[in-house]
1. Can you pull out every residue in region 363-380 that is among the aliphatic types (A, V, I, L, M) and touching a residue at least 60 places away in the same chain (Cβ under 8 Å)?
2. Would you be able to tell me the number of residues in region 334-359 that are more than 16 Å from ligand 1 (Cβ to nearest atom) and either in the same structural domain as residue 285 (by TED's automatic domain parsing) or not β-branched (Val, Ile, Thr) (or both)?
3. Can you spot a residue in region 30-51 that is closer than 30 Å to residue 161 by Cα and among the β-branched types (Val, Ile, Thr)?
4. Give the residue that is farthest from the chain's Cα centre (by Cα), with candidates limited to residues of region 370-389 that are surrounded by fewer than 19 Cβ atoms within 10 Å (Cβ to Cβ) and among the hydrophobic types (A, V, I, L, M, F, W, C).
5. Can you name every residue in region 218-246 that is within 30 Å of residue 364 (Cα to Cα) and of a type in the set (S, T, N, Q)?
6. Restricting to region 10-39, count the residues that are within 20 Å of residue 324 (Cβ to Cβ), open to solvent by 10 Å² or more (accessible area, probe 1.4 Å) and not basic (Lys, Arg).
7. So residue 30 fits all but one of (1) within 8 Å of ligand 1 (Cβ to nearest atom); (2) assigned to a loop (DSSP other than H, G, I, E, B); what number is the exception?
8. Inside region 85-130, can you point out the residues that are within 17 Å of the chain's Cα centre (by Cα) and either open to solvent by 50 Å² or more (accessible area, probe 1.4 Å) or among the aromatic types (Phe, Trp, Tyr) (or both)?
Amino acid sequence: MGKPKIVILGAGYGGLMTVTRLQKQISKAEAEIVLINKDDYHYETTWLHEASAGTLHHDRVRYPIKNVLNGNKVKFIQGEVVRVKKDENKVVLKNDGEVAYDYLVMALGSNAETFGIEGLKDYTFSITDVSAAQRIREHIERQFATYRSEKVKDDSRLAIVVGGAGFTGIEFLGELVNRIPQLCKEYGIPREKVRIVSVESNPVVLPQFDRELVDYALSYLESKGVEFHIGTAVKKATREGVWVGKKGEEPYEINAGTVIWSAGVRGNAVIDASGFENVRGRVKVNPDLTVPGYENIFMIGDCAMIINKAINRPYPPTAQIAMQHGEVCARNLVKKIRGEQELEAFVFNDKGTVCSLGEDNAIGIVFGKKLKGTSASFMKKVVDDRALFLIGGPRLVLKKGKFNFI
Ligand code: FAD
Ligand code: NAD
């Protein structure tokens, strides 16, 4: 038998962490490694709210995948995965046929969760990848340009509704409150003409943080002009905006030229298309990150579900956990290839969470310590650069890092 073939799907946090560890840990003679990703670049998903608002150029959030691969050990295929034939050990690519594997790592990230709400797919944007971020930035700018040139002014064209005030929604609002004054200046539009509305169905925003931090974030955003509709769900999206409402009350309409849908994620559609048993697109994995019934398939990152036994709920899908999955997945692949029976069980090491509120403000809990303002914002940049460091070392941090070394 020839050497085993390991195929990794997705070059995000989980996929790149797996492949960069694997290329260090095994020799060329031991296994063939193939990485498949739809683009030839990796993007920092955790920076996409900045590119979407236009506070950071989209080229700053991406870098060529080949920059972090050892071309002697890893073959890269640019292609879009359509599904996995899990009982035939094959990956089906759009337009490019099939790729066979002995071991598979699925790290395809997530898609926006729409909960079947009418109109969302047609009339809203979600912050999902670099192209989406570019489209959002351009759409908002186009609304400003059109408003400036139209004879009969329609103020609702300038309104931006953000559906869902979880981490993504709040981080996007934090960027928006910095970007809108710039756009107003550029297009000669008074700031008070622009409505920024956050709609959140839960009566509590960011329940992961304590009240003091949440109040700080909300009053900061309010002071910058964000209008919060808390305990209010988006019910429907239309060409004119959204219909929203509190439980048991009549829905009302908010007219808006831009609606951003940031109300949660589900595992990549490839999971469903491949027939994996899942909950909202996430596969409940074994402790060693393999898929029940398929011990040659590892599922990691946003596609994987692991229960936090302390609270009996799944860990939320984050870059932090995806990268830790990648490290364990690489070590377990090495063990499998070397014929070791006992695999490592994944244990999450929670280093904390920081939610940014624009360039120089944030809230967070890091190693159990509460932070807000510039100290939290500094930590967010440290976290962002750490991800670059873990995947591409100091060279990548110097090139793409948040601290502007060059
Ligand atoms: P991803 O990093 O999303 O990578 C998936 C890869 O698969 C991508 O390269 C994609 O192009 C590729 N792909 C997808 N579909 C296909 C296909 N069909 N064929 C081929 N390739 C495909 N988490 C944190 O821990 N901290 C944060 O500060 C943070 N901030 C965030 C900010 C925003 C705006 C968003 C949206 C998310 C944030 N998250 C954060 C969550 C975090 O980004 C995700 O949990 C993380 O990216 C998941 O990693 P992953 O490897 O599973 O997927
Ligand atoms: P989320 O699930 O964290 O938040 C979604 C929010 O949308 C929730 O507050 C929910 O109540 C609300 N919502 C749901 N349906 C709604 C409706 N019909 N109308 C109005 N509101 C509605 O999702 P997210 O913010 O997209 O984040 C996805 C994942 O990425 C999470 O695991 C999150 O922790 C992670 N993330 C982390 C960071 C960070 O650490 N800084 C930043 C962004 C995202």
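The values are calculated or read from the model by the stated rules, or taken from the named source; none is laboratory data. None of the values given here were measured: they were computed from a predicted structure. In this analysis, Cβ positions are derived from the backbone assuming ideal geometry, glycine residues included, and neighbour counts consider all displayed protein chains. In case anyone asks, the SASA skips ligands and DNA or RNA and just uses the protein heavy atoms, side chains included. Shrake-Rupley method; radii C 1.70, N 1.55, O 1.52, S 1.80 Å.
1. Within region 363-380, the first condition is being among the aliphatic types (A, V, I, L, M), and the residues that meet it are 363, 365-366, 371, 376, 379.
Correct list: 363, 365.
2. So the first thing to find is which residues in region 334-359 are more than 16 Å from ligand 1 (Cβ to nearest atom), and the list is 334-345, 347.
Add one more test, that the residue is either in the same structural domain as residue 285 (by TED's automatic domain parsing) or not β-branched (Val, Ile, Thr) (or both), and what stays is 334-345.
Within region 334-359, residues that are more than 16 Å from ligand 1 (Cβ to nearest atom) and either in the same structural domain as residue 285 (by TED's automatic domain parsing) or not β-branched (Val, Ile, Thr) (or both) number 12.
3. yes
4. Looking at residues that are surrounded by fewer than 19 Cβ atoms within 10 Å (Cβ to Cβ) and among the hydrophobic types (A, V, I, L, M, F, W, C), I get 378.
5. 219, 223, 232
6. So the answer is 4.
7. Checking residue 30 against (1) within 8 Å of ligand 1 (Cβ to nearest atom); (2) assigned to a loop (DSSP other than H, G, I, E, B), the one that fails is (1).
8. 111, 125, 128
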